[in-house]
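Just so it is clear, none of the values below were taken in a lab; they were calculated from the coordinates. Since the structure is predicted, the reported quantities are computational estimates derived from the model, not experimental observations. Don't worry about glycine lacking a Cβ; one is built from the backbone with ideal geometry, like all the others, and counts go over all protein chains shown.
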Amino acid sequence: MAFNLNKYISVEIPLFFMFVNFLLTSTLLTNLIVYRTCYIILGHNKTQCAELGSDNINIVDKNATEALDKLVVPTADIITMVKTSVESIFPVIVCLVAGPWSDKHGRKPVLLMSLTDVLLI
């Protein structure tokens, strides 16, 4: 009777935490892209850029922040679109290969490889 390690490995809990991580960090990453686009690429003041997306500003600053937001968001959207496109190309290619391979060898190794990939990044 051989010891079967695959019988004792559960991938549901680590995958759950991985997806919760993605949900929590996606909002923060979007705000970071907007802030860095404002400050680094467009060259605006740090304090003005920090007010983007904030609700704790007065009426006078709110109008200036809304005007700055209209300048920053189109550039940040392009950066986000390119980032998403680049991040999606490799997984599509892997899916073309991993689908038939997982039919032969099972789903658990594919899930463990994807989890390992996320942990390494």
What Cys residues in the chain are without a partner cysteine, judged by a Cβ distance under 4.7 Å?
95
Grab the DSSP H runs of the chain that are 4 residues or longer, score each as -39,500 (n - 2.57), total them, divide by all residues and round the 222 nm result to the nearest 500 deg cm²/dmol.
-26000 deg cm²/dmol
For the stretch 12-120, calculate the relative contact order in percent as a whole number, restricting contacts to Cα pairs under 8 Å that are 6 or more residues apart.
29
Sorted by Cβ neighbour density within 10 Å, fewest at the top, the residues 69, 117:
117, 69
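Mind checking the full-extension length gain between residue 114 and residue 28? Use 0.36 nm per residue of separation minus the Cα-Cα distance, one decimal, nm.
Working: separation 86, 0.36 × 86 = 30.96 nm, distance 2.26 nm.
So the chain would gain 28.7 nm between residue 114 and residue 28.
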Shape descriptors of the chain over alpha-carbon atoms, Rg and Dmax in angstrom, are 21.4, 76
Roughly how many debye, to the nearest 20, is the charge dipole of the stretch 12-120 about its Cα centre, given +1 on each Lys and Arg Cβ, -1 on each Asp and Glu Cβ, and no other charges?
300
